[in-house]
Amino acid sequence: MMLEELGLQPVWKLREREREVPGVAAMGWEELGKTISSCTICPLHKGRNKAVVGAGNPHADWLFIGEAPGAEEDRTGEPFVGQAGKLLDNMLAAIGLSRKSNVYIANTVKCRPPGNRNPEPSEMSACRPYLERQIELVGPKLIVILGRIAAQSVLDSDASIASLRGKRHACRNVPAIVTYHPAYLLRNPEDKAKAWEDLCFARRFMKEL
Ligand code: URA
């Protein structure tokens, strides 16, 4: 189904990213991974142990976008491997998904912010050519954005998570929805029921696509 039929407008215009990362628009997974791992465009690279490119099926129908790697992720190079990652895997399993089969997971920034602070808008913007290329390479049917920080950056919005949840958005030309970040849900388990509503909404939305 086309975005227009769903009443959606793409938020991201296809931008010329070549100026920021030469050649990014033509990169395959291998070159993209190497470029990300040696990137020095924003200050986050200074504290990097391993860049966290992403994980999962590189041609998945579902793309989940988180915020930034934490300490465990920086050490292993894998996204969502800590406690929040366990919860994310459980959330995926609840709707029949798994990073081993039908999901790809990426973050708005690929290097860990110091002290696990939120990534700055300038850092997310510097890293965006990589995320855009990942979206192109995966070619997902639906994007699920995890948490306010990622949602505001990816959707280019300053709206609250409460107002972004439960609505149909678009990221580039791909339909997208927003739910809570698993790390937030660990701190606020009373909102898990709302996250479950979001996942059911995502599943219904996917059936239309
Ligand atoms: N939180 C995120 O947003 N991403 C990760 O990869 C890990 C924790």
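Residue by residue, here is whether (1) β-branched (Val, Ile, Thr); (2) outside any helix (DSSP H, G or I) holds:
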| site | (1), (2) |
| --- | --- |
| Lys46 | no, no |
| Ala51 | no, yes |
| Ile65 | yes, yes |
| Ala106 | no, yes |
| Ser122 | no, no |
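Take the stretch 158-182 and flag every residue that is touching a residue at least 60 places away in the same chain (Cβ under 8 Å), at negative phi and open to solvent by less than 40 Å² (accessible area, probe 1.4 Å).
As a first pass, look at the stretch 158-182 and keep what is touching a residue at least 60 places away in the same chain (Cβ under 8 Å): 168-175, 181-182.
Narrowing further to those that are at negative phi: 168-171, 173-175, 181-182.
Residues satisfying the conditions are His169, Ala170, Cys171, Val174, Pro175, His181, Pro182.
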Output yes when any residue across the stretch 196-208 is under 15 Å from Pro140 (Cβ atoms), open to solvent by 20 Å² or more (accessible area, probe 1.4 Å) and in contact with a helix residue (DSSP H, G or I) (Cβ under 8 Å, 6 or more places away or on another chain), and no when none is.
-> yes
Checking Gly33 against (1) within 13 Å of the ligand (Cβ to nearest atom); (2) open to solvent by less than 60 Å² (accessible area, probe 1.4 Å), the condition it does not meet | (1)
Say whether the condition of being open to solvent by less than 20 Å² (accessible area, probe 1.4 Å), in contact with a strand residue (DSSP E or B) (Cβ under 7 Å, 6 or more places away or on another chain) and of a type outside the set (A, V, I, L, M) is met by at least one residue in the stretch 90-106.
-> yes
Are any residues in the stretch 45-80 near the ligand (Cβ under 8 Å from one of its atoms) and more than 15 Å from the chain's Cα centre (by Cα), and if so, which ones?
-> Glu72
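The values are calculated or read from the model by the stated rules, or taken from the named source; none is laboratory data. Quick caveat, the model's predicted, so the values are computed rather than measured. Positions of Cβ are backbone-derived with ideal geometry, glycine not excepted, and every protein chain shown enters the neighbour counts. Please note that ligands, DNA and RNA were not included when accessible areas were found on the heavy atoms of the full protein model with its side chains. Shrake-Rupley method; radii C 1.70, N 1.55, O 1.52, S 1.80 Å.
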